[in-house]
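The values are calculated or read from the model by the stated rules, or taken from the named source; none is laboratory data. Note that this is a predicted model, so its numbers are computed, not measured. No Cβ is skipped: glycine too gets one built from the backbone with ideal geometry, and neighbour counts run over all protein chains shown.
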Amino acid sequence: MIIRPFTNNDLAGAAAALVEVHDTDGYPVEGVDDPESWIKSEDVLAAWVAESGSRIVGHVAVMKPQGEAAVDLWVKQSNDDADHVGVLARLFVVQSARKQAAGQRLMEAAVSYARAQGLRLVLDVMVKDASAIRLYERLGWRKIGETVHHFGSGDAIPAVCYVAPTT
C-alpha cells in the first residue's frame, strides 16, 4: 500500500473507487453522479491517494472552508479564524483495503500537510458512518458539536463535527 499525492492521472481510478465505496457504504450521499468533479473540486488545497498494486483504493483531500458547520463551530470555540482552518474531506477507502490501514495513513498525510501549512483540520461525518467515526476517535480527533448535513433536493442527515488533535 502506497500513500502518495493525488495527480490528474489518478482521477479515473479515484472516481471508480468512489463509486465502489458508494455502492458498499452509501458514502458519499452526493457526488457519485459526477465523481470526477466531486473529487477534483476547485476547493481542494491538496489530496492523496492510496494505491495497492496499480489500483487506486482510497483518497483524501484537504479543502478550503466553504461554510461548513465544523469550521464555524471550531472558530467559535477556539477564537481562531477560518483562514487557519482546513477541512478534511473526500476520505474514502474501498472495503478490500480497509484492513491495511489505508484510511489511517491517508488521514496522517492530510494532517501532516495541514500542520506544515499552519492549518487546523476539522471535519463533519454523518452519524450513519460509524466506522469512520471510530477511526477519527481512535486517531485522537475530538468531537466539537453536531450538525445536519443537507444534500440533494432537501434531504438531510445528522452529522458530528470533529477537530484534529494538536499533536
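Residue-by-condition table, conditions (1) buried (at least 22 other Cβ atoms within 10 Å of the Cβ); (2) in a strand (DSSP E or B); (3) under 15 Å from the mean Cα position of the chain (by Cα):
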| residue | (1), (2), (3) |
| --- | --- |
| SER112 | no, no, yes |
| ARG115 | no, no, no |
| LEU121 | yes, yes, yes |
| ALA132 | no, no, yes |
| GLU137 | no, no, yes |
| LYS143 | no, yes, no |
| SER153 | no, no, no |
| ALA156 | no, yes, no |
Segment 46-58: number of residues that are modelled with pLDDT of 95 or more and either closer than 24 Å to LYS143 by Cβ or in a loop (DSSP other than H, G, I, E, B) (or both): 1
Condition met for VAL87 (at pLDDT 95 or above, of a type in the set (Val, Ile, Thr), within 25 Å of PRO5 (Cβ to Cβ) and assigned to a helix (DSSP H, G or I)): no
Selection count where residues are without any contact (Cβ under 8 Å) to a residue 60 or more places away in the chain, among the acidic types (Asp, Glu) and closer than 21 Å to SER131 by Cβ, scope segment 5-43: 1
Hey, VAL94 of a type outside the set (Ser, Thr, Tyr) and in contact (Cβ under 8 Å) with a residue 40 or more places away in the chain or not: yes
Filtered residue count, segment 47-76, keeping only those that are within 21 Å of CYS161 (Cα to Cα) and in contact (Cβ under 8 Å) with a residue 40 or more places away in the chain: 11
Test set (1) part of a helix (DSSP H, G or I); (2) within 13 Å of the chain's Cα centre (by Cα) - LEU73 fails condition number: (2)
Residue within segment 131-140 that is touching a Pro at 6+ places or on another chain (Cβ under 7 Å), in contact (Cβ under 8 Å) with a residue 24 or more places away in the chain and under 24 Å from MET1 (Cα atoms) present: yes
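Evaluate the following for ALA116: is it without any contact (Cβ under 8 Å) to a residue 12 or more places away in the chain and over 19 Å from TYR162 (Cβ atoms)?
It is true that ALA116 is without any contact (Cβ under 8 Å) to a residue 12 or more places away in the chain and over 19 Å from TYR162 (Cβ atoms).
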